[in-house]
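The values are calculated or read from the model by the stated rules, or taken from the named source; none is laboratory data. Source: prediction; values computed, not measured. In this analysis, Cβ positions are derived from the backbone assuming ideal geometry, glycine residues included, and neighbour counts consider all displayed protein chains. Ligands, DNA and RNA are stripped out before the accessible areas are found, and what is left, the full protein with its side chains, is counted by its heavy atoms. Shrake-Rupley method; radii C 1.70, N 1.55, O 1.52, S 1.80 Å.
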Amino acid sequence: MNVYLPLKLFIILLLFCFSLLGNAQNKTSKDSISNNLNEVVITQNKKSFSNQNGNIKLDVANSMYNAIPNTVDLLSKMPTVQVSADRESISVVGKGNPLIYIDNQKVGMNDLNTLAVADIKTIEIIQNPSAKYEAEGRVVILITRKFSKKDSFRTEISEVASFKKNYNNYLGFNSNFKKNKLELKANFNYNRLNPWEGHSIDYQISDADIASKYDVTANTKRKQYIFGGSFLYKINDDDYFSFNVNSKLQTDIFPINTITKNKNQDVVNNVVTYSDNDGKKNFVNSFFNYNKKIKSIDTQLFTGFQFSDFDQTSWSEVQNNFNDTQFELAQIRDQRFKVNVFSGRIDIEKKLKNEMKFEVGGLYSGANSKSDFDIFYYENNTNKISHYDFKEENLAGYSQLSGKIKKIDFSVGFRMENTNINGKFKTDLLPLIAKNYTNFFPKAQFTYPIDSTKSISVNYIKSISRPNYSSLSQGSTYINPYFLYARNINLGPTIIDEISTTFQYDDKSVKLSYTYAKDPVYSSFSFDDEKNIMTFQDINFDKSSGFTVDFTLPFTYKFWTTTNSLVFLLEKIEDKSAALLASKPYCYYSSNNEFKLPKDYSFVLIFWGLTKQYTGVFETDPMFVVDMAVSKNFSKNWNCTLSCNNVFKNNIRTEQFTVNSITSKARYVVDNHEISIAIRYSFGKVKETKFKEKNINEDSDRIR
């Protein structure tokens with residue numbers, strides 16, 4: 001829909017009325033405006049990015065970013081958003097892992113992979129979420145989808161050819177239909193992907209006189225079937241119910257090759273490890289929402305239910321070749337992880353006098369996971385079988401009051417959450433983990449407008465970060481005879497306190513914040529000297545703290561629109577098992593530049609970087625990445641986009657640290673140099689909607 005069309009018609013009509021008025025007052029002369037006015041054209045270059053109080057918003061639907069083939073890559077274009085090398089997690093610079101919402105539905109990485117970019121209207125980074133968001137809400141990424149408001153039909157077909165180290169292909173189909181009170185939506189995507197991965201670790205164990213280095217690569221052949229559907233039925237203007245289901249079915253074949261040099265005192269072994277691997281990841285998420293407005297007391301009532309299921313299997317056959325002799329079978333590893341979550345919630349919103357609003361609500365969620373582990377050892381012809389069951393129940397309630405007192409806008413609230421956890425191996429009589437705890441999470445925000453262009457706000461937030469469910473399983477990955485990547489069933493949550501203040505001037509802002517975290521999660525080593533095996537896994541460190549100064553500086557000059565972020569950070573991570581280094585300030589910077597060119601061409605230039613980081617324990621080398629894209633609209637229906645990501649091939653990330661007397665230098669090679677061609681054809685018309693979905697499952701981002 002052209003939102004400016006009614007405005008055009010109104011101005012033309014207004015000028016026409018002025019013309020008639022002039023003729024009525026002086027019928028003997030002709031109005032000069034009516035003589036010279038042949039056509040009125042109103043144009044406006046709408047910014048892709050906007051900034052309000054440090055919250056950055058991207059208009060995906062009306063920008064070149066809608067040609068990016070998947071949602072995870074799209075998020076990586078947002079200022080301060082970082083996607084991990086394995087694409088399994090997302091973080092925000094200076095904030096850690098965010099909550100992710102699609103409309104008002106809290107989701108996780110699996111849901112992002114089922115969401116088509118063509119369905120997205122806007123993406124917003126909310127820096128100071130209120131108490132209505134769950135206790136993990138230190139920062140929220142809000143994705144708003146496109147839906148119809150009037151009777152309409154729209155279908156879009158897209159094809160993306162992507163060239164990295166290997167060829168990747170994305171084929172998508174999206175359709176929307178609206179008739180009277182019923183609204184339907186469906187999408188289907190078929191992706192043939194061939195990702196490449198590579199990394200190496202060089203480590204020394206001084207106490208055991210061990211030095212080892214390995215280099216591993218993996219070429220994956222991946223098929224993805226992504227599909228979903230939803231419907232909304234409007235009972236009246238205020239009441240509706242909706243149902244949504246989406247799914248991703250994925251199969252992987254990924255041989256892994258590792259070259260290892262291991263020195264244990266005077267014994268040196270050169271080992272080549274080859275493993276055949278195949279796996280599946282199937283995810284289904286569904287929810288039902290009902291919204292009712294009680295007009296007699298001006299109160300909004302929402303209730304909803306959600307069910308999510310994630311099923312992952314992994315099978316591996318491992319062979320080793322010691323010192324250039326011959327390959328011999330070492331292990332067969334058969335692992336399965338399955339988790340399902342059911343949740344239900346209720347929210348009540350009451351408008352009070354003097355523009356006040358009171359909100360209260362509650363949530364129950366229950367998660368059940370099973371982790372099965374079966375290893376056959378060829379060396380001694382034995383089996384190791386293990387079954388671990390995990391259950392978690394969360395009961396939460398919140399209350400929030402927001403409004404304005406004189407000039408000051410405020411929002412104050414709190415959440416109470418009770419968590420009950422039970423983890424048990426089937427062969428044990430007693431549970432390994434049995435926890436029951438209650439946490440209190442206050443949140444507050446006060447904003448004082450200095451004048452019409454300037455304001456200052458102060459915020460306090462207490463939050464929690466819980467590990468995802470697969471991190472709490474017993475799964476592991478075999479790298480070589482001396483090294484394993486493993487999960488950690490003993491991981492605990494992280495409690496975070498943050499206080500900040502933001503100064504806003506027009507669309508520019510600066511934010512200062514201090515953060516303190518108890519039991520933060522970072523990677524660590526442990527060495528089994530009896531089995532001579534090193535295990536690399538996440539653990540809870542003692543504490544971390546940090547200061548952040550965040551500048552957001554957008555501006556527009558003629559056909560050029562740019563949004564710039566500059567973040568200065570000073571972090572200190574501490575743990576009794578780690579060698580403490582000096583903490584030094586480092587800097588993150590990003591610049592998103594869009595150029596509107598003649599003949600419906602658009603050009604985007606994005607660059608971001610990190611200076612060298614010293615955070616008390618970890619030392620990380622700097623990075624600098626440049627992305628470019630050019631887009632052309634051939635008609636209202638056809639669009640073509642040519643993109644080049646990581647133009648200068650800066651795809652190596654390095655990290656150094658010492659923990660448990662083990663010194664490590666790690667090198668990760670990220671397959672993010674890409675040239676892609678996207679072609680999109682659409683027909684029909686879609687307009688704004690009143691479709692609403694609300695968060696039901698507050699733990700859906702942990703389902704992986």
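Results for (1) more than 21 Å from the chain's Cα centre (by Cα); (2) closer than 19 Å to PHE536 by Cα, shown as yes or no for each residue.
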{"position": "ASP207", "(1), (2)": "yes, yes"}
{"position": "ASP215", "(1), (2)": "yes, yes"}
{"position": "ALA218", "(1), (2)": "yes, yes"}
{"position": "TYR240", "(1), (2)": "yes, no"}
{"position": "ASN244", "(1), (2)": "no, no"}
{"position": "ASP278", "(1), (2)": "yes, no"}
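How many of the residues in region 668-684 are in a strand (DSSP E or B), charged (D, E, K, R) and within 24 Å of the chain's Cα centre (by Cα)? Step through it out loud before you land on a result.
Step one: list which residues in region 668-684 are in a strand (DSSP E or B), which gives 668-669, 674-684.
The next check asks that each one be charged (D, E, K, R); those that pass are 674, 680.
Remaining after also requiring within 24 Å of the chain's Cα centre (by Cα): 674.
Of the residues in region 668-684, 1 are in a strand (DSSP E or B), charged (D, E, K, R) and within 24 Å of the chain's Cα centre (by Cα).
Can you name every residue in region 637-653 that is surrounded by fewer than 16 Cβ atoms within 10 Å (Cβ to Cβ) and in a strand (DSSP E or B)?
Of everything in region 637-653, those that are surrounded by fewer than 16 Cβ atoms within 10 Å (Cβ to Cβ) and in a strand (DSSP E or B) turn out to be TRP638, CYS640, LEU642, CYS644, ILE652.
May I ask you to say which residue of GLN224, GLN204 is touching a Lys or Arg at 6+ places or on another chain (Cβ under 7 Å) and surrounded by 15 or more Cβ atoms within 10 Å (Cβ to Cβ)?
Working: GLN204 fails: touching a Lys or Arg at 6+ places or on another chain (Cβ under 7 Å).
Every option except GLN224 fails the conditions.
Name the one entry in GLY344, GLY366, GLY362 that is without any contact (Cβ under 8 Å) to a residue 40 or more places away in the chain and closer than 30 Å to SER296 by Cα.
GLY362
Could you say whether any residue in region 174-191 is farther than 22 Å from ASN532 by Cβ, loosely packed, with under 15 Cβ neighbours inside 10 Å and under 22 Å from the mean Cα position of the chain (by Cα)?
Of the residues in region 174-191, the ones farther than 22 Å from ASN532 by Cβ are 174-191.
Still in the running and loosely packed, with under 15 Cβ neighbours inside 10 Å: 179-182, 190.
Checking which are under 22 Å from the mean Cα position of the chain (by Cα) leaves us with 190.
Scanning region 174-191 turns up at least one residue that is farther than 22 Å from ASN532 by Cβ, loosely packed, with under 15 Cβ neighbours inside 10 Å and under 22 Å from the mean Cα position of the chain (by Cα).
Within region 271-298, which residues are touching a residue at least 40 places away in the same chain (Cβ under 8 Å), open to solvent by 10 Å² or more (accessible area, probe 1.4 Å) and β-branched (Val, Ile, Thr)?
The answer is VAL272, ILE297.
Among the listed residues THR325, THR303, which satisfies the condition of being in a loop (DSSP other than H, G, I, E, B), of a type outside the set (D, E, K, R) and either open to solvent by 50 Å² or more (accessible area, probe 1.4 Å) or touching a strand residue (DSSP E or B) at 6+ places or on another chain (Cβ under 6 Å) (or both)?
THR325
In region 539-597, how many are open to solvent by 60 Å² or more (accessible area, probe 1.4 Å), within 13 Å of ILE56 (Cβ to Cβ) and touching a Lys or Arg at 6+ places or on another chain (Cβ under 6 Å)?
1
Every residue in region 391-426 that is free of Cβ contacts under 8 Å to residues at least 24 places away in the same chain and not charged (D, E, K, R), please.
ILE405
Quick check on my filter: what residues within region 393-424 are aliphatic (A, V, I, L, M) and in contact with a strand residue (DSSP E or B) (Cβ under 7 Å, 6 or more places away or on another chain)?
LEU395, ALA396, LEU401, ILE408, VAL412, MET416, ILE421 - these are the residues of region 393-424 that are aliphatic (A, V, I, L, M) and in contact with a strand residue (DSSP E or B) (Cβ under 7 Å, 6 or more places away or on another chain).
Return the residues of region 156-173 that are more than 23 Å from ASP278 (Cα to Cα), touching a residue at least 40 places away in the same chain (Cβ under 8 Å) and buried (at least 16 other Cβ atoms within 10 Å of the Cβ); say none if nothing qualifies.
GLU156, SER158, VAL160, SER162, GLY172
So which of LYS576, LYS596 ends up being within 20 Å of GLN656 (Cα to Cα) and at pLDDT below 95?
Numbers: LYS596 fails: within 20 Å of GLN656 (Cα to Cα).
One residue alone meets the criteria, LYS576.
Scan region 244-263 residue by residue and report those that are closer than 24 Å to THR114 by Cα and not in a strand (DSSP E or B).
The answer is PHE254, and nothing else.
In this structure, is TYR557 of a type in the set (Ser, Thr, Tyr) and either closer than 20 Å to ILE126 by Cβ or under 22 Å from the mean Cα position of the chain (by Cα) (or both)?
Numbers: of a type in the set (Ser, Thr, Tyr): yes; either closer than 20 Å to ILE126 by Cβ or under 22 Å from the mean Cα position of the chain (by Cα) (or both): no.
No; evaluated as a whole, the condition is false for this residue.
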